[in-house]
1. Place a +1 charge on the Cβ of each Lys and Arg in segment 161-277 and a -1 charge on the Cβ of each Asp and Glu, then give the dipole magnitude about the Cα centre in debye, rounded to the nearest 20.
2. By counting other Cβ atoms within 10 Å of each Cβ, how are Asp53, Asp179 ranked from fewest to most?
3. Too long at a 30 Å Cα-Cα cut-off: which of Lys94/Lys216; Lys94/Lys180; Lys94/Lys277; Lys112/Lys277; Lys112/Lys216; Lys94/Lys178?
4. Suppose R0 equals 56 Å; then what is the FRET efficiency for Leu76 and Phe134 from their Cβ-Cβ distance, rounded to the nearest 0.05?
5. Fewest to most neighbouring Cβ within 10 Å: what's the order for Phe261, Phe171?
6. For an R0 of 41 angstrom, estimate the FRET efficiency from the Cβ-Cβ distance between Asp179 and Asp235 and round to the nearest 0.05.
7. Please give the charge dipole size of segment 195-351, origin at the Cα centre, charges +1 on K and R Cβ atoms and -1 on D and E Cβ atoms. Round to the nearest 20 debye.
8. Please compute the length gained on full extension between Gln98 and Thr258, using 0.36 nm multiplied by the number of residues separating them and subtracting their Cα-Cα distance.
Amino acid sequence: MISMIKNWVDRYLSDPQMVVLVLMLITGLLSILYLGEMLMPVFVSIVIAYLLDGLVVRLQQFKIPRLACVIIVFVLFLSAMVILVVWLLPQISKQIIQFLRQLPDMLSTGQKQLMHLPEKYPEFISKAQVDQIFEMGNSAAAAFAKRAVSLSVASVYTLVTLVVYLVLVPFLVFFFLKDKEIIIGWMLRFRPSDMGLTRSVWHDVNRQVSNYVRGKGWEILIIWGLSFAVFKFLDLNYTLLLSLFTGLSVIFPYIGVTVMFFPVGLIAFFQWGVEPKALWAVASYGFIQIFDGQILAPLLLSEVVNLHPVAIIIAVLFFGGIWGVWGLFFAIPLATLVNVLLRIWLDKYEGSGRKGDSPAGPENP
């Protein structure tokens, strides 16, 4: 057993390049785990700067100086933040407050609708099942109220954190974009001399992740706009809130679609009861998800995410369990990194193993 482990280590971890790559990954992981809360604005700024740098590079292709490209992209970023803070967040907050105020009336209406279901459809639902639904609803409402109280207590801390992010993040993003070469050059001074494997992994991951993020960004905007148009046409309550979260749900593969089905269905039920219009709202949401899964996502993300659905679900559950919402958000890029590492690792060593194990040809006379 010991000799087998020793042979495995000698075969796969004897290469200095592989050791360097593993040490860099472990260092990055430990930095995020132990310094993540303290340096979260820095990490957020790095991610945003990485995403915006793609736009800067595209503008540079038109022979525009990098500083001018950085200023243009940064102004667009600030404009988006102003729209987010000044218009979108107040609208979302307004709809959330409106929803919380109307929640008792909605629950009362829902109870009345449910009480009539055994009379209308006795073959599908009984009074005992309705009573069980009431018990589940009451316990869920109590848990929600307790959670709302805890959130209100922590709202002051959240507000202070938001102000810090609004000040620090744009400042850091600008300098990460402007001084990208200087910062990277300073960090490369500490690199080992032989980093061929690390460069290969970085280029592969960077290509796949940048294409994935670009495609996913367009997917969010299209699904958000389509959902808003459909819900507005149906006159569904909380259209902006539901359409926004429907668009954002595409970030979380498979899980987001399922989770968003419940608020759309419940709000439609509370608004119209068991009526055709409520069924139309649920069916429309289903058609939007079919369009996204069968047409839009393959069109935008074809050959970008070469991951099996089981691997995607495992990645979402695993990284979401470790880092919460951020883990859910970065589950696919992190899974892509793991996939690239395994592929390069196996190609490098299995290929060399097969080459070394191949039978020798006949000797030349």
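The numbers here are math on the coordinates, done by the rules we state, and not lab data. None of these values were measured; they are calculated from a predicted model. Cβ atoms come from the backbone with ideal geometry, glycine included; neighbour counts cover every protein chain shown.
1. 320
2. Asp179, Asp53
3. Among Lys94/Lys216; Lys94/Lys180; Lys94/Lys277; Lys112/Lys277; Lys112/Lys216; Lys94/Lys178, the Cα-Cα distance tops 30 Å for Lys94/Lys180; Lys112/Lys216; Lys94/Lys178.
4. 0.65
5. In order of increasing Cβ crowding within 10 Å: Phe171, Phe261.
6. 0.20
7. 260
8. Fully extending the segment from Gln98 to Thr258 adds 55.2 nm.
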